[in-house]
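Input: a single structure, listed below in structure tokens.
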Amino acid sequence: MIDQSLEQLRADALAEIATAGDEGALELVRVKYLGRSGGIAAISDGMKSLSKDDKPRIGKLLNEVRNAVSAALDAGKSALLADADKAAFAGVDATLPGITQRLGTLHPITQLQDRAIQIFRRMGFALADGPDIETEFHCFDALNTPADHPARNEQDTFYFGDGRLLRTHTSTVQVRTMEKSAPPIRIIAPGAAYRRDEIDATHLAQFTQMEGLYVDEGVSVADLKGTLEFFFRELFGKDAKFRFRPHFFPFTEPSYEVDIKATALGSADRWLEIAGCGMVDPAVFESINARRNDHAFDPEKYTGFAFGFGLDRLAMIMSGVTDIRAFTDNDQRFLAQF
Ligand code: PHE
């Protein structure tokens, strides 16, 4: 008798589970059969009145039915979830190729600039900044570059109608720093510089420069050479060889160009020019003093060195890039190599 009602209960439960259309319906079935006042609990309560002979058999069957209903409920729930997933993906072809997200990197010039800043920072140089659009004073006059100097030619520099211009070097930042603060000064000024050059494999109308200035008592050519050699050895390796070749700049005296021979870079038999530098011309200090209306940069008391180099050119030498235009072409095949 009780066997029959258990079998019936199992058959009913499984049938109802099979037709339950959503999770709510399944839950109702669960309560109806497995709940505290459900069908199985009722039979379970009736176990007490069974004979010793029947008890083990019915007990075993009861467990079987409970497990079967419970398993069917779990399976039903999984099937419903799978159906829901399938519905969500209906019409989506998961085998189509995806949209690749390409991870970008910093531009090679930016990477080199960051590295250069790190190296100079270790030597106590602070970062200084200034505008790209400049006055003639900051770009030329303050730097002992008189009006008849060829660098000021209309053909060499980008002028605005009002006489302002795009800075031809970031030496302008050195001038602005000296206007604002007194010695000691130890700064680097990275940034864009502009020249009216014919664009070719080694020239752009806009390039990236880094200039430096150190003014204090007793600053000497030895300090200049030591600083630049340390910097370039950090970049090019310990075995790089340097040559300071006498040169002329209006704003430094004496002036040098720095050449490098870096075997590791395959330039073993060739000197490559990489920087300009020199001791700040006292005339520069005097024009700053006149502008400041004081004598903060007393040429009898202070000396200083200045240097400048093009980051594009350094990056070309370091990476074996033969055409400077590659840095501005925005070709991912090129940029992705850095
Ligand atoms: N301003 C120079 C240039 O742009 C570089 C330079 C800086 C040279 C400082 C000497 C001293 O070419």
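Out of Ile17, Val284, Phe89, whose Cα points farthest toward the positive end of the dipole of the chain (charges: +1 Lys, Arg; -1 Asp, Glu; placed on Cβ)? Sorting the options by dipole projection puts first Ile17. For segment 57-62, 3J(HN,Hα) computed residue by residue from phi via the Karplus equation (6.51, -1.76, 1.60; θ = phi - 60°) reads 5, 5, x, 5, 4, 4 Hz, glycine and proline entered as x. Build a GNM of the chain with springs between Cα atoms under 10 Å: which of Ser220, Ser49, Ser171 gets the top mean-square fluctuation? Greatest mean-square fluctuation among the candidates belongs to Ser49.
Along segment 310-326 the Karplus relation, 6.51 cos²θ - 1.76 cosθ + 1.60 evaluated at θ = phi - 60°, assigns HN-Hα couplings of x, 5, 4, 5, 4, 4, 4, 5, 5, 10, x, 7, 9, 10, 4, 5, 4 Hz to successive residues, with x for each Gly and Pro. Scanning residues 5 or more positions from Ile274 or on other chains, those with amide H under 5 Å from its amide H are Val258, Asp259, Ile260, with H placed 1.01 Å from N in the peptide plane. Each label was represented as a point 7 Å from its Cα along the Cα-to-Cβ direction; for Arg121 and Ala290 these points are 3.8 nm apart.
If you take the beta carbon distance between His107 and Asp200 as r and set R0 to 30 Å, what does 1/(1 + (r/R0)^6) give as a FRET efficiency, to the nearest 0.05?
Values: r = 21 Å, r/R0 = 0.70.
After rounding to 0.05, the efficiency reads 0.90.
Placing unit charges on the Cβ atoms of the charged side chains and taking the dipole of the chain about its Cα centre, the candidate lying farthest along the positive direction among Val65, Ala326, Thr227 is Val65.
Quick check for me: using +1 on Lys/Arg Cβ and -1 on Asp/Glu Cβ, what's the dipole size of segment 4-124 about its Cα centre, in debye to the nearest 20?
Working: 16 positive and 15 negative charges, 159 e Å.
Approximately 760 debye in magnitude.
Each residue of segment 215-221 was assigned a 3J(HN,Hα) from its phi angle through the Karplus expression (A = 6.51, B = -1.76, C = 1.60, θ = phi - 60°), giving 10, 6, 6, x, 6, 10, 4 Hz with x at Gly and Pro.
If you take the beta carbon distance between His149 and Ile99 as r and set R0 to 51 Å, what does 1/(1 + (r/R0)^6) give as a FRET efficiency, to the nearest 0.05? Each step should come with its number before you reach the end.
Details: r = 55 Å, r/R0 = 1.08.
Here the calculated transfer efficiency is 0.40.
Where in segment 11-33 is the amide nitrogen less than 12 Å from a point lying 7 Å along the Cα-to-Cβ axis of Ala68? It comes to 11-15, nothing else. Listed by chain and number, the lysines whose C-alpha is less than 17 Å from the C-alpha of Lys241, apart from same-chain residues fewer than 8 away, are Lys225, Lys261.
Across the options Gly237, Met316, Ala116, the greatest Cα extent toward the positive end of the charge dipole of segment 108-335 (unit charges at beta carbon of Lys, Arg, Asp, Glu) belongs to Gly237.
What relative contact order, as a whole-number percentage, does segment 2-88 give when Cα pairs under 8 Å and 6 or more residues apart are counted? Walk me through the numbers on the way to the answer.
Working: 54 pairs, mean separation 35.2, N = 87.
Taking the mean separation of contacting Cα pairs over the length of segment 2-88, I get 41 percent.
Label positions at Ala15 and Glu273, each projected 7 Å from the Cα along the C-beta direction, are separated by 10.0 nm. Have a look at Leu272, Leu14, Leu166 and tell me which one the Gaussian network model of the chain (Cα, springs below 10 Å) gives the largest fluctuation. Result for the chain, Cα springs under 10 Å: Leu14 fluctuates most. Classify the chain as rounded, prolate or oblate from the Cα gyration tensor: take a ≥ b ≥ c as the square roots of its eigenvalues, call it rounded if a/c is under 1.5, otherwise prolate when a/b beats b/c and oblate if not. Prolate is the answer for the chain, as a/c is 1.5 or above and a/b outweighs b/c.
Dipole magnitude for segment 108-335: about 740 debye, using +1 per Lys or Arg Cβ and -1 per Asp or Glu Cβ, origin at the Cα centre. For the chain, the relative contact order comes to 15 percent (Cα pairs under 8 Å, sequence separation of at least 6).
Put simply, the amide H of Thr202, placed in the peptide plane, has neighbours under 5 Å in Ile324, leaving out anything fewer than 5 places away on its chain. Most tightly packed first, judged by the mean number of other beta-carbon atoms within 10 Å of their residues, the peptides 132-142, 189-199, 146-156, 325-335 read 132-142, 189-199, 325-335, 146-156. Please go through segment 1-51 and write out the trypsin sites (Lys or Arg not before Pro) that DSSP classes as loop and that have at most 10 other C-beta atoms within 10 Å. Counting only loop positions with at most 10 other Cβ atoms within 10 Å, the trypsin sites (Lys or Arg not before Pro) in segment 1-51 are Arg36. Legend: ranking of residues Thr100, Thr252, Thr19, Thr168 from fewest to most surrounding C-beta atoms inside 10 Å; resulting order Thr100, Thr19, Thr168, Thr252. For segment 239-338, the relative contact order works out to 20 percent when only alpha carbon pairs closer than 8 Å and six or more residues apart are counted. Highest GNM mean-square fluctuation among Gly98, Gly24, Gly124, for the chain modelled with Cα contacts below 10 Å: Gly24. Extension gain, Asn330-Phe137: 0.36 nm per intervening residue step, less the Cα-Cα distance, totals 66.0 nm.
I'd like the antiparallel share, as a percent to the nearest 5, of DSSP beta bridges with both residues in segment 108-335.
Details: 41 of 43 bridges.
Bridges in segment 108-335 that DSSP calls antiparallel: roughly 95 percent.
Classify segment 190-242 as rounded, prolate or oblate from the Cα gyration tensor: take a ≥ b ≥ c as the square roots of its eigenvalues, call it rounded if a/c is under 1.5, otherwise prolate when a/b beats b/c and oblate if not. The shape class here is oblate.
Each of Val219, Val173 was scored by other Cβ atoms within 10 Å of its Cβ. Arranged with the fewest first, they read Val219, Val173.
With r as the distance between the Cβ atoms of Glu7 and Asp45 and R0 = 22 Å, compute the FRET efficiency 1/(1 + (r/R0)^6) and round to 0.05. Please report the intermediate quantities before stating the final value.
Numbers: r = 19 Å, r/R0 = 0.84.
Once the sixth-power term is evaluated, E becomes 0.75.
Every number in this text was worked out from the coordinates using simple rules, so none of it is lab data. This one's a predicted model, so the numbers in the text were calculated from it and none came from an experiment. Cβ: placed from backbone, ideal geometry, glycine included. Neighbour counts: every protein chain shown.
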